[in-house]
Amino acid sequence: IFYIIIYMIFGSINIENTNNNFKISPLNESPFFSIFIDSLQLPFRDYFFANSVSYLSQFIQNTSFTPVTAHILLSSLYNQLHILDQNNITISFLDINDILVIDNSFFICNFDKFYKYNYHNNTILISDVYDKNNPYLTPLFKSNTSIPFTSHKNDFFYNLALIVLDCFRKTNFLLYSHNDKQILNYYHYTKIYNTLVFFLNTDVSKRQFIIF
């Protein structure tokens, strides 16, 4: 029996696919790889079986992104981020291609954006260069003019809200020309509305990740 091995890169990881049996390895050595694997909570750590693996940006090309899908995404990331937070780790900023979809579960797959935060004041010192034209930037990242700079550990919640709203926009033709505020109001009576409102708080210290 012959098997074809396919190698795929997602974020900062390499995924080896042999007949839908997958193995995760880091693209480069990182002190965060072990805790990243822990945060996935897979039964066999860096091995798993799946029917499909894709970026979130690829996932929404073939799947309608509904409030139920958004709730599953947020619940998946909440569990992962809880484990990271227990280790004083947060995310600098998120792009849609930092999110991996394994069947119907969602994970942050770029541990190059993991930062240890200062638990006394909940801040991180960001030294990464980033694209100022990225559509998901927070107000802080848009206005920033120097590197390194200080950010709050919860600043990236804003990125996540914009990613969710954009997924709605790209999969619901009724929302194609709507701005973020209009899309948020469109889903006012759903469970995720309040979660997104907390994410988008202009006071970063008050941004919270609460699942309703």
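The values are calculated or read from the model by the stated rules, or taken from the named source; none is laboratory data. Predicted, not measured: the structure shown is a model, and the values here were computed from it. All Cβ positions, even for glycine, are placed from backbone atoms using ideal geometry, and neighbour counts span all protein chains on display. The protein model used for the area step is the full one, side chains on, heavy atoms only, and it has no ligands, DNA or RNA in it. Shrake-Rupley method; radii C 1.70, N 1.55, O 1.52, S 1.80 Å.
Inspect region 172-180 for any residue being open to solvent by less than 30 Å² (accessible area, probe 1.4 Å), out of contact with any strand residue (DSSP E or B) (no Cβ under 7 Å at 6 or more places or on another chain) and within 19 Å of ASN121 (Cα to Cα) and give the result as yes or no. No: zero hits. Listed by first and then second residue, the pairs with beta-carbon distance under 8 Å, at least 6 apart or on different chains, first residue in region 172-197 and at positive phi, second open to solvent by 70 Å² or more (accessible area, probe 1.4 Å), form an empty list. Identify, by number, the condition in (1) in a strand (DSSP E or B); (2) open to solvent by 40 Å² or more (accessible area, probe 1.4 Å); (3) aliphatic (A, V, I, L, M) that ILE124 doesn't meet. Going through the list (1) in a strand (DSSP E or B); (2) open to solvent by 40 Å² or more (accessible area, probe 1.4 Å); (3) aliphatic (A, V, I, L, M), ILE124 breaks only (2). Scanning region 127-158 for residues being under 23 Å from SER76 (Cβ atoms) and assigned to a helix (DSSP H, G or I) gives a total of 3. Here are some conditions: (1) outside any loop (DSSP other than H, G, I, E, B); (2) open to solvent by 30 Å² or more (accessible area, probe 1.4 Å). ALA161 meets all but one. Which one does it not meet? For ALA161, the exception is condition (2). Scanning region 181-199 for residues that are under 19 Å from ASP155 (Cβ atoms) and open to solvent by 40 Å² or more (accessible area, probe 1.4 Å) returns VAL197, PHE198.
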